[in-house]
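Notes follow the structure.
Nothing in this text is a laboratory measurement; each read-out follows from the coordinates by a stated rule. Everything numeric here is computed off the predicted structure, so don't read it as measured data. Backbone-built Cβ (ideal geometry, glycine too); neighbour counts: all protein chains shown.
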Amino acid sequence: MRFLLDDEQREFARSLDAMLTASDTPAVVRAWAAGNHGPGRGLWARLAQAGVFALAIPEAYEGVGPLPVELAVAFTELGRHAVPGPVVETVAAGVLLGGVGGAAAKEWLPRLASGAASATLRMDGYGPYALDADAVDAVFTVTGDELRLAPGPGALSVSCDPARRLWRPGPGGELLASGPRVARAAGRAARWAAFATAAQALGTGEALLRATVAYVKQRTQFGTAIGSFQAVKHRLSDTLIGLEFARPLLYGAALALAGEAPDAGAEVAAAKVTAGEAGYAAARAALQLHGAVGYTQELDLSLWLRKARPLRDAWGTPGACRARVLADGPAVSAARPPVSEDFAQ
């Protein structure tokens, strides 16, 4: 199947790309990693104004969603520009609250849609941490069939990406809802979180590939650009094929989410594992082909390199995603993108 965006969706992508390019996101990422959330909050407000956080929130709560295709477009751009912060978790919290309904949804969803508030989310089965819990207005936790508003960010843990600040919320907090509706809404929120993370991973991989192609065109050995060497061409071709293989799976998952298809979970899992592995393969290729300079923190490339592996594992590890595909999606392929292992070490 061939997926083509319409004119409005392509213009949405172009407008986000222009806005994020003008926002100097590398400086925003470095400030966020240092604990200075001011530039990130300013960028968050611009994203909200562009309608990014309203895409998963129903119109009844002042959103414009659910629009999973447009969400894929937006989060691919966020990945390309390494936007920091719990953007995925805010979307997932919106889906969760929309499914639960009640007073919590009425209080928080209009604020999340407009950017007046931000949120992060921790759920059973997806690790003990809430991303950037110190930088948001609300930390939602789901334990069993209970939805709570955590009392605080908790204890800080280390991530391989300094801009992904992991906090372990403490127990307790205000009980917002409980029962089967919470469990159902949490499952749907997890699917949307995995989907948005897959789009981010795809965008991250595309940015890494673009930077690497530009670098090998100007780096020379023996008086020749290394991009002309066959081994380098093969490595970059493998990287491109992996990313291009992930793209239709991402949009297939978007259509499954839009139609609430019974196998939407398997479609999302296939997109997540394929995009995550493709983004990580792009990071490995970028690091090797940049040589020693690729290891330096001063090079902006490092901001994308450090995101690839956490995005691969967040909201569904490759193993968990493959198991979901095998269990629930007989027509879905989650094969690993091709990598030339001869040059991968």
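Computed from Cα positions, the angle between helix 102-114 and the longest principal axis of the chain comes to roughly 40 degrees. Between LEU176 and residues 5 or more places away or on another chain, which pairs have amide H atoms under 5 Å apart, with H built 1.01 Å from N, and which residues are they? For LEU176, the qualifying residues are LEU147, ARG148, LEU149.
If you bin all the Cα-Cα distances of region 102-169 at 10 Å, starting from zero, the percentages per bin are 21, 50, 27, 3. Among GLN49, GLN221, GLN288, the largest mean-square fluctuation in a Gaussian network model of the chain, built with springs joining Cα atoms closer than 10 Å, belongs to GLN221. Candidates ALA116, ALA50, VAL64 compared by Cα position along the dipole of region 7-183: farthest toward the positive end lies ALA116, with charges placed on Cβ.
Semi-axes of the equivalent ellipsoid for region 191-343, computed as √(5λ) from the eigenvalues of its C-alpha gyration tensor and ordered from largest down, come to 31, 15, 12 Å. For the chain, the longest principal axis of the C-alpha atoms and the axis of helix 301-313 are separated by about 50°. Report the far tail of the P(r) of region 7-183, meaning the percent of Cα-Cα pairs longer than 24 Å. Within region 7-183, distances greater than 24 Å cover 35 percent of Cα pairs. Cβ crowding within 10 Å ranks HIS234, HIS81 as HIS234, HIS81, fewest other Cβ atoms first.
In the chain, the longest principal axis of the Cα atoms and the axis of helix 7-22 are about 80 degrees apart. Listed by chain and number, the aspartates and glutamates placed with their C-alpha closer than 15 angstrom to that of LYS233 are GLU341, ASP342; residues fewer than eight positions away on the same chain are left out. How would region 39-134 be classified by its alpha-carbon gyration tensor: rounded, prolate or oblate, with rounded meaning a/c under 1.5 and the a/b versus b/c comparison settling the rest? Cα axes put region 39-134 in the rounded bin. The charge dipole of the chain, taken about its Cα centre with unit charges on the Cβ of Lys, Arg, Asp and Glu (plus for the first two, minus for the last two), comes to roughly 720 debye.
Here, the chain is characterised by an Rg to Rh ratio of 0.97, where Rg is the alpha-carbon radius of gyration and Rh the Kirkwood radius. In the chain, a dipole from Cβ-located charges (positive for Lys and Arg, negative for Asp and Glu) runs towards its positive end, and of LEU147, ALA92, PRO128 it is PRO128 whose Cα lies farthest in that direction.
Of TYR61, TYR280, TYR126, the residue with the greatest mean-square motion in the GNM of the chain, using alpha carbon springs below 10 Å, is TYR126.
Here's the list of lysines a cross-link from LYS307 could span, going by alpha-carbon distance under 23 Å and ignoring same-chain residues fewer than 8 apart: LYS272. Take every Cα pair under 8 Å whose residues are at least 6 apart in sequence, average their separation, divide by the length of region 191-343, and the relative contact order is 35 percent.
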